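Below is one structure, written out as structure tokens, with a few remarks after it.
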Amino acid sequence: MAQVPVNVTVTGAAGQIGYALLFRIASGQLLGADTPVKLRLLEIPQAVKAAEGTAMELDDCAFPLLSGIDIFDDPRQAFEGANIALLVGARPRTKGMERGDLLEANGGIFKPQGQAINAGAADDIRVLVVGNPANTNALIAQAHAPDVPAERFTAMTRLDHNRALTQLAKKLGVTVSDIKKMTIWGNHSATQYPDIFHAEVNGTTGAKAVDDQTWLTEEFIPTVAKRGAAIIEARGASSAASAANAAIDHVHDWVLGTPEGDWTSAAVVSDGSYGVPEGLISSFPVVSRDGRYEIVQGLEIDDFSRERIDASVKELVEERDAVKQLGLI
Ligand code: NAD
Ligand code: LMR
């Protein structure tokens, strides 16, 4: 019997990440070569025509796994029956905009989307928020979907994770496949903490293999944490193909599992692990088993790491408090 297609809703479908993402989903890279998908694209009315153009191109690829494309400008319709939701569309910060304005503008997007997910998504819905500020946008959406288990809302730090792998591999002259157990802690922002103390490289830890505190504090951590800004500076636009790639990795591993002997990084709802306040959507080391991301437990956190995790978590608490004050959660 033919397999029922998985409904994948993508918001911001006409944007630059959308353009890099949709073809990979339709080709089978998100859910595997045996799983047909149906795309449900959400855009603002002004960008629906551009999304239609992308849909024409998707048609023109004749992907065997793509069993349909629907385009909406209404979240209620777009999330109806969604099994997977990639929330990419967000309000970028523009000149003169304060952080509070940005959070408020995004609240106007992620609150109704959370409500629409609550109202109509499939029982197995899994949500990945990519649009920035991703962790707090995920928190807003989750707060408005009380009937959906909170653990189904996640935000993306997989791009930071992948960036950290490559920076460490280059430093050590190894390949990314030689490195296991990289971790990104905290917020997808410049306060994030890429941790190589638990990373494993050819029988030792990343930190021991590097054995260079100056490189760690003055090069590695800031390079990974500020990579998004460096790409904007160089490209004149924020990362798109690498962000789409990370979104594919995040959902692929969530649904199909992380490899044995390794873990990855994702911003998931905290259960209080590692002193991160319960309910915050913060990045942790995670494994995926049976379709669920679980926080890796029992890691020893030294003072160096503690200070940096706490700083990023403090920023998340401030963002949460700001959206609370705005009545968004
Ligand atoms: P973009 O401006 O090219 O595209 C965004 C699209 O979202 C636009 O087509 C816009 O019309 C659409 N949109 C806006 N409001 C919407 C709404 N309410 N519903 C549906 N669609 C809506 O931006 P992009 O480069 O694709 O980036 C998208 C977001 O991803 C940005 O917020 C960016 O900062 C973020 N991002 C996150 C990461 C990460 O690692 N978490 C990495 C890169 C970019
Ligand atoms: C990135 O990490 O590349 C983006 O989140 C940067 C941005 O501000 O869009």
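A short reminder: the numbers here are calculations on the coordinates, not readings from a lab. Computed from a predicted model, the values in this text were never measured in an experiment. Virtual Cβ from ideal backbone geometry, glycine too; neighbours counted across all protein chains shown.
If you go through the range 3-42 and keep only what is touching a Phe, Trp or Tyr at 6+ places or on another chain (Cβ under 6 Å) and within 16 Å of ligand 1 (Cβ to nearest atom), you end up with Thr9, Leu42. Summed over the range 274-304, residues that are within 22 Å of Val130 (Cα to Cα) and surrounded by 15 or more Cβ atoms within 10 Å (Cβ to Cβ) total 15. The set of residues in the range 183-236 that are part of a loop (DSSP other than H, G, I, E, B), away from ligand 2 (no atom under 16 Å from the Cβ) and not aliphatic (A, V, I, L, M) comprises Phe197, His198, Asn202, Gly203, Asp211, Asp212. Candidates in the range 196-233 are the residues that are free of Cβ contacts under 8 Å to residues at least 60 places away in the same chain and basic (Lys, Arg); of these, the one that is nearest to Ile309 (Cα to Cα) is Lys226. Among the candidates Ala85, Ala90, the residue that is crowded, with 17+ Cβ neighbours inside 10 Å, within 8 Å of ligand 1 (Cβ to nearest atom) and either hydrophobic (A, V, I, L, M, F, W, C) or outside any loop (DSSP other than H, G, I, E, B) (or both) is uniquely Ala90. For the range 18-73, give me each residue that is in contact (Cβ under 8 Å) with a residue 60 or more places away in the chain, closer than 18 Å to His250 by Cβ and outside any helix (DSSP H, G or I). The answer is Gln29, Leu30, Leu31, Gly32.
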